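The structure appears right after this line, and notes come after that.
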Amino acid sequence: MDNSQRLPDQLDLFFYTGNEILYEDLTKYKRYGLHPIRLGDILPQPSTCVSDLAKKPRYRIMLKLGFGAFATVWLARDLVEKRHATVFLRDYMPNYGGVCLLHEQGIAHGDPHIANFGIALPQLDRFDEDDITEYFANPEIIPVVPRDPSFPLHSVPPYLVQSVLIADFLQAMKSFPASSAMSVRILDFGRPYRTSEKVPLLPGAAPNAIRPPEVVIHELYKGKAGSIWSKAADIWAVGCTLYHIKWGNELITTWGSLDDYLFRAIQFGGPPPKAWLELWNTCDRHDGNVRFI
């Protein structure tokens with residue numbers, strides 16, 4: 001691809017960036033993207049809650065728990081109820097937000113991979129803010145310094161902070177729940193949609209490790225075959241995720257190209273539809289080493 005057509009990455013725009021596994025991509029701080037937050041912020045800030053402009057500040061941001069394609073997730077202190085809370089921060093995105101029920105309500109999750117499942121940790125409320133912040137003292141930060149002196153600083157945080165693992169703290173305090181008492185939670189509702197509605201494209205992309213063949217071939221061949229994400233795709237993805245949880249590795253390895261992954265997924269799942277074979281044979285996408293057999 002011509003470099004003149006390449007979208008700028010974060011190193012083009014900022015002097016300092018973090019490891020993409022540990023820190024969010026700074027280019028995601030934009031409209032319908034990530035929301036800039038600082039440790040110590042108390043949310044919601046005055047007159048910023050769309051559903052209730054009179055809502056008073058309540059949640060003090062303590063630590064970052066993680067990030068994804070659409071949001072950052074923070075540990076906060078609820079100053080009203082005097083307990084800990086998780087704050088999920090994202091800008092409004094039409095059609096995809098606010099979903100809390102799944103298949104029984106005609107909704108596909110769209111991204112049920114291993115990082116989008118968690119367990120409830122009510123044990124955390126046994127500890128106060130000082131206990132937690134002392135354990136995670138002096139978090140590493142990366143200053144956010146745009147290369148362009150006219151860059152709108154209000155659109156990015158002043159620094160990036162590394163995510164912490166609350167499980168580490170609870171294990172150190174011997175308060176992590178026993179497996180028999182764990183309560184599983186489904187996380188990250190950035191991609192759900194009602195299956196009764198026609199959705200041409202979901203935002204972001206599910207990891208290759210959980211994509212079913214029909215979704216992969218739909219992407220590779222620009223919608224000429226296969227299908228978009230569906231409830232059936234959710235079931236495939238959950239199966240892959242359960243295997244990963246049980247055995248500690250991917251059900252279908254993701255090394256190589258997307259073509260390679262598709263071939264291995266079909267080997268696992270069984271013969272593909274005839275229409276896929278015809279498309280494969282008429283389109284110059286394969287390299288001779290990857291074939292539907």
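The values are calculated or read from the model by the stated rules, or taken from the named source; none is laboratory data. Quick caveat: nothing in here was measured; it's all calculated off a predicted structure. A quick note on method: Cβ atoms are made from the backbone with ideal geometry, for glycine too, and the neighbour counts reach across all protein chains shown.
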Residues of region 126-147 being in a loop (DSSP other than H, G, I, E, B) and closer than 16 Å to ILE37 by Cα, in sequence order, are PRO139, GLU140, VAL144, VAL145
*asked:* Can you confirm whether LEU7 is modelled with pLDDT under 90, over 24 Å from the mean Cα position of the chain (by Cα), part of a loop (DSSP other than H, G, I, E, B) and not acidic (Asp, Glu)?
replied: no
Scanning region 80-105 for residues that are at pLDDT 60 or above and loosely packed, with under 14 Cβ neighbours inside 10 Å gives VAL80, GLU81, LYS82, ARG83
LEU75: within 23 Å of ALA167 (Cα to Cα) and assigned to a strand (DSSP E or B), yes or no? yes
Across (1) surrounded by 13 or more Cβ atoms within 10 Å (Cβ to Cβ); (2) more than 20 Å from PHE67 (Cβ to Cβ); (3) aromatic (Phe, Trp, Tyr), TYR16 clears everything bar (2)
Note on region 179-208: residues modelled with pLDDT of 75 or more and surrounded by 14 or more Cβ atoms within 10 Å (Cβ to Cβ) are ALA206, PRO207, ASN208
Pairing a residue in region 146-162 that is among the β-branched types (Val, Ile, Thr) with any residue that is part of a helix (DSSP H, G or I), where Cβ atoms lie under 7 Å and the two sit 6 or more apart in sequence or on different chains, gives VAL156/LEU26
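Only one residue in LYS82, LYS55 is over 22 Å from PRO152 (Cα atoms) and in contact with a Cys (Cβ under 9 Å, 6 or more places away or on another chain). Which one?
Working: LYS82 fails: in contact with a Cys (Cβ under 9 Å, 6 or more places away or on another chain).
Result of the check over LYS82, LYS55: LYS55.
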Given the conditions (1) part of a helix (DSSP H, G or I); (2) at positive phi, every one holds for GLY223 apart from (1)
Considering region 244-280, residues that are at pLDDT below 85 and closer than 12 Å to ALA225 by Cβ, and then whichever is farthest from the chain's Cα centre (by Cα), we arrive at GLU278
- Going by the structure shown, is HIS244 assigned to a helix (DSSP H, G or I) and without any contact (Cβ under 8 Å) to a residue 60 or more places away in the chain? no
In region 54-66, residues that are under 20 Å from ALA137 (Cα atoms) and at pLDDT below 90 total 1
Those residues of region 150-169 which are in a helix (DSSP H, G or I) and more than 18 Å from GLU24 (Cα to Cα) amount to ILE166, ALA167, ASP168, PHE169
Selection from region 158-178 of residues loosely packed, with under 13 Cβ neighbours inside 10 Å, closer than 15 Å to PHE127 by Cα and among the hydrophobic types (A, V, I, L, M, F, W, C) yields ALA172
For region 209-235 the number of residues that are under 19 Å from VAL184 (Cβ atoms) and crowded, with 16+ Cβ neighbours inside 10 Å is 2
